[in-house]
Amino acid sequence: MPMQQVAKFLIFTGLIIVLFGLILLFAHKIPYLGRLPGDIIIQRKNFTFYFPLVTCLILSVVLTIILNLIFRK
């Protein structure tokens with residue numbers, strides 16, 4: 001029985017990695033991703049600090065909803 005759980009975990013982890021790779025591959029085509037109001041950008045002469053605060057919050061809420069729907073018992 002434990003080997004089946006390990007196998008399911010590895011398959012799920014692999015699918016998550018593939019999904020994350022696809023998101024990184026096509027992220028530049030998603031409009032407004034990373035350029036929402038509330039994202040922090042500080043630009044100086046030789047320095048740029050970028051923190052996508054609102055984008056992270058929205059992605060967190062969306063992923064929480066999706067994962068709750070998937071793992072609901």
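The values are calculated or read from the model by the stated rules, or taken from the named source; none is laboratory data. Values in this document were obtained by computation on a predicted structure and should not be read as measured data. Neighbour counts are summed over all protein chains in view; Cβ atoms, including those assigned to glycine, are modelled from backbone coordinates with ideal geometry.
Among residues of the stretch 57-71 that are closer than 22 Å to PRO37 by Cβ, none has a beta-carbon under 8 Å from a residue that is outside any helix (DSSP H, G or I) and at pLDDT 90 or above at least six positions away or on a different chain. Going by the structure shown, is THR48 surrounded by 10 or more Cβ atoms within 10 Å (Cβ to Cβ) and not assigned by TED's automatic domain parsing to the domain that holds ILE16? No.
Selection within the stretch 31-45: residues that are surrounded by 10 or more Cβ atoms within 10 Å (Cβ to Cβ) and β-branched (Val, Ile, Thr). The member of this set that is nearest to LEU59 (Cα to Cα) is ILE40.
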